[in-house]
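The values are calculated or read from the model by the stated rules, or taken from the named source; none is laboratory data. Owing to the predicted nature of the structure, the values given are computational and were not obtained by experimental measurement. Glycine also receives a Cβ, built like all others from the backbone with ideal geometry; neighbour counts cover every protein chain displayed. Please note that ligands, DNA and RNA were not included when accessible areas were found on the heavy atoms of the full protein model with its side chains. Shrake-Rupley method; radii C 1.70, N 1.55, O 1.52, S 1.80 Å.
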Amino acid sequence: MFAPADKAQAEESAQSLTIEEGKKLYTVGCASCHGTDGQGTSDGPSLVGVGAAAVDFQVSTGRMPAATSQGAQVPKKKNIYSQAEIDQLAAFIASLGAGPNVPTKDQYDPEGADIAKGGELFRNNCAQCHNFTGKGGALTKGKYAPSLEGVEPKHIYEAMLTGPQNMPSFPDTTMSEQNKKDIIAYLHAVNSDETENPGGLELGGLGPVSEGLFAWIFGLGALIAVAIWVAARTAKARKS
Amino acid sequence: MSTSETTESRSRGKAPAGERVADWADGRLGIYSLAKANMRKIFPDHWSFMLGEVCLYSFIIIILTGVYLTLFFHPSMNEVEYHGSYVPLQGQLMSEAFSSTLHISFDVRGGLLIRQIHHWAALIFLAGMFVHMMRVFFTGAFRKPREINWLFGFLLFVLGMFTGFTGYSLPDDLLSGTGVRFTEGAILSMPIVGTYISFFLFGGEFPGVDFVARFYSIHILLLPGIMLGLVVAHLILVFYHKHTQFAGPGKTNKNVVGMPLLPVYMAKAGGFFFLVFGVIAVIAAIAQINPVWAIGPYRPDMVSTGAQPDWYMGFAEGLVRYMPGWEINLWGHTLVLGVFIPLVLFGVVLAAIAVYPFIESWVTGDKREHHILDRPRNAPTRTAFGVAWITVYMVGLVGGGNDLWATHFHLSINAVTWFVRISFFAGPVLAFIITKRICLGLQRRDKDKVLHGRESGIIKRLPHGEFIEIHEPLSQDAMYTLTAHEQYKPAEIGPTVDENGVERKVKASEKLRAKLSKSYYGPDSQIPKPTVDEYKEITSGHGHH
């Protein structure tokens, strides 16, 4: 009798059910810092309008729920929520105010993107904190830009979209979807398991500091050991 | 005529080929007397005397690999689009210098290995010079007659720093470009002349289109040319002065105890060259250095975190990083103290170690030649000064890598910077005091060993129940070695009135010298070494301590 309406209603109720479940999870895991309705407290910022993408990023990478609001920055850790639970949480937060949605696979999939363009964009926008190839770097007062090694394309995309913690956000108006893909493709090329280091050991990819340490310890260290060895072998009269 | 000549030479019989070649060469070069005098030249044996060789060989390796690199490198800042083998830079605009460096790395046979040998050898060359210099310093080998050679060595170290820096800048990558930008900033901070020097060096506004070509001439011709000359002079002086040796029985200020140059040292040194080459080649084959492809081409609007120079410029980087960003504005001109003071300190720190030998010889007033080395403990003030200097240097290195200390030890970069600022002042003072104490402690230990012998570890119980440890007397050789050093007496100002009772003017420099001399050789700065009388008195006491 109400067939079309029924379907709409079913969808709507499924949606509200998800939000309902999300709210329950929120109350248990997040409300103590972010407030009962996501309005924020002195321990955590307001979540109104941060969008589903922010929730997906923060919870999937284990940053949220943070163990404590102390410390300079919330570190990445093991995620304890299932994807379904994260979706429910994201739906609840999204219901509080409009914000960026979780990107779909065809948005962040780096297949066919321009790696070289991505490199240029990365050096222009990201390297000043994350290092040339995304090895991470220090910020003020114990804060840091984390290493991007092994971060999933989806999470890199979400981070650019939402600007977690100290990171500025790069919405599509500032950096197009294609450019984000290029950056993800570049990072995959230069900072992943498949990256080739034609010169040998990468030594952390941190530049001259680690190279200098290596030269002193293994280069000069080995040569001094060799010198001691050579000096110990001298042309003495044969003992017997 | 010609017939008679051939008969004559035939009648004398043919000399062996080697002799004929030697004779031919001697007739033209006069090498016989030279070789005769020097082939049996004696060198003493100690591993630390080979540190200079490490430097020499790595320098040779750098020259050889550098020549190979010049065959393929284009020192030009013309903009080109990259279409080589490295995919993540395809189609990027870059300078020809950068593109040819990529070409060397990916498309020239053996190019990357040679590049890496060149760069690793440079880091090791500088590290070797640093350690060699410290060996010379702590053993007092810089004393007369070797002061000038000390300065030659110091100049080699400083020129090495700048040769390294100009070479590091050549690929025109984002990292080295940031370093050149840093240098430009340091030059600009110089009052009045800074702007002019910068415009002169870069041919206009930074970065311009000239600096790679200019740095190239400096890097491959000017600086290495001067260095090569200095290396030769350095070695000639080592030959001329003869090598120093550690004190020991049979070793005097007038002899050298060791092995002859030929065949022993030729074999050793020749072999050691290949060992040095081998170690550097192995390192270059297994560890990547300066991967310019990952760093990307330089553009003045880009910068990366973790941008540091090679280690030998690290302390200069540190000075700038931990200096507060002070500046003064005067009549529309800005004096950037935050950069200018570090620039001055850079020179002061380097000069401090360079002039030290002259200060010490002024304090001691010693005009004699010294060919016997000091043990560092027997020159506590010098040793303490050296350790304090190294402390300042190392504090600079820590400051230069403050961001990596912060990320790798989970510290706040501000805390690291403050630690370094305080250490810059407190570190050398503490290091000086602690080192001096340790030296004096070691002197006491030596004295104790000479007078009471070595602890044997054997415990004996006497009939009345007392336990004593048996001390074994040292061998005469060991006792000689431990007491061979000479101890200066602090210089006195002398009578301030002359024989007629007229007061003499005491110059301020004289007072300073007496004061310094007292701090060098006063009772708080050295333990009087054991005398024969003391030894006899103790050893005649029938084993009772």
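Descriptive notes on the structure:
- Helical contribution to [θ] at 222 nm, DSSP H n ≥ 4, -39,500 (n - 2.57), averaged over chain B, rounded to 500: -19500 deg cm²/dmol
- Computed with a 1.4 Å probe over protein heavy atoms only, the accessible surface of chain B comes to 52 Å² per residue.
- FRET efficiency estimate (nearest 0.05) - Cβ-Cβ, B:Phe409 to B:Val232, R0 35 angstrom: 0.20
- Annotation: amide H-H contacts under 5 Å for B:Arg454 (H modelled 1.01 Å from N, sequence separation of 5 or more, or interchain): B:Glu472, B:Leu474.
- Between A:Ala14 and A:Ala98, the FRET efficiency estimated from the beta carbon spacing at R0 = 22 angstrom works out to 0.60.
- Alpha-carbon centroids, region B:77-107 and region A:51-100: separation in whole Å: 42 Å
- Computed with a 1.4 angstrom probe on protein heavy atoms, the B-A interface buries about 4700 square angstrom of accessible area in total.
- List of region A:100-122 residues, accessible area with partners at least 40 Å² below that of the chain alone (1.4 Å probe): A:Ala116, A:Glu120
- Model label sites at B:Trp362 and B:His464, defined 7 Å from Cα along the beta-carbon direction, differ in position by 6.1 nm.
- With the convex hull of the Cα atoms taken as the outline of the protein assembly as shown, the averaged projected area works out to 62.1 nm².
- Residues of chain A were split at every exposed loop site, defined as trypsin sites (Lys or Arg not before Pro) in a DSSP loop with at most 16 other C-beta atoms within 10 angstrom, and the longest piece left, sites excluded, is A:144-232.
- When only alpha carbons are used to place a centre, region B:319-393 and region B:412-442 end up 15 Å from one another.
- Part-to-part distance (alpha-carbon centres) for region A:176-240 and region A:102-166, which is given in Å: 26 Å
- Note on chain B: percent of Cα-Cα distances in each 20 Å bin, starting at 0 and stopping at the bin with the largest distance, equals 16, 41, 30, 11, 1, 0.
- A 1.4 Å probe run over chain A, with the rest of the protein chains in place, finds 52 Å² accessible per residue.
- The HN-Hα couplings worked out from phi for region B:402-418 by the Karplus form 6.51 cos²θ - 1.76 cosθ + 1.60 (θ = phi - 60°) are 4, 5, 6, 4, 5, 6, 7, 10, 6, 10, 7, 4, 5, 5, 4, 4, 5 Hz, whole numbers, x standing for Gly and Pro.
- Every pair of different Cα atoms in region A:11-102 enters the Kirkwood calculation, which places the hydrodynamic radius at 13.0 Å.
- Cleavage-rule hits (GluC sites (Glu not before Pro)) in region B:434-505: DSSP loop, at most 10 neighbouring Cβ within 10 angstrom: B:Glu466, B:Glu492, B:Glu499
- Region B:378-393 - phi-based ³J(HN,Hα) in whole Hz, Karplus 6.51/-1.76/1.60, Gly and Pro as x: 7, 10, x, 5, 4, 4, 5, 4, x, 5, 4, 5, 4, 4, 4, 4
- Length released on extending from B:Arg421 to B:Val80, taking residue separation times 0.36 nm less the Cα-Cα span: 118.3 nm
- Pairwise FRET efficiency - A:Asp109 versus B:Lys489, Cβ, R0 = 56 Å, nearest 0.05: 0.10
- Accessible surface of the protein assembly as shown [probe 1.4 Å, protein heavy atoms]: carbon and sulfur percent: 63 percent
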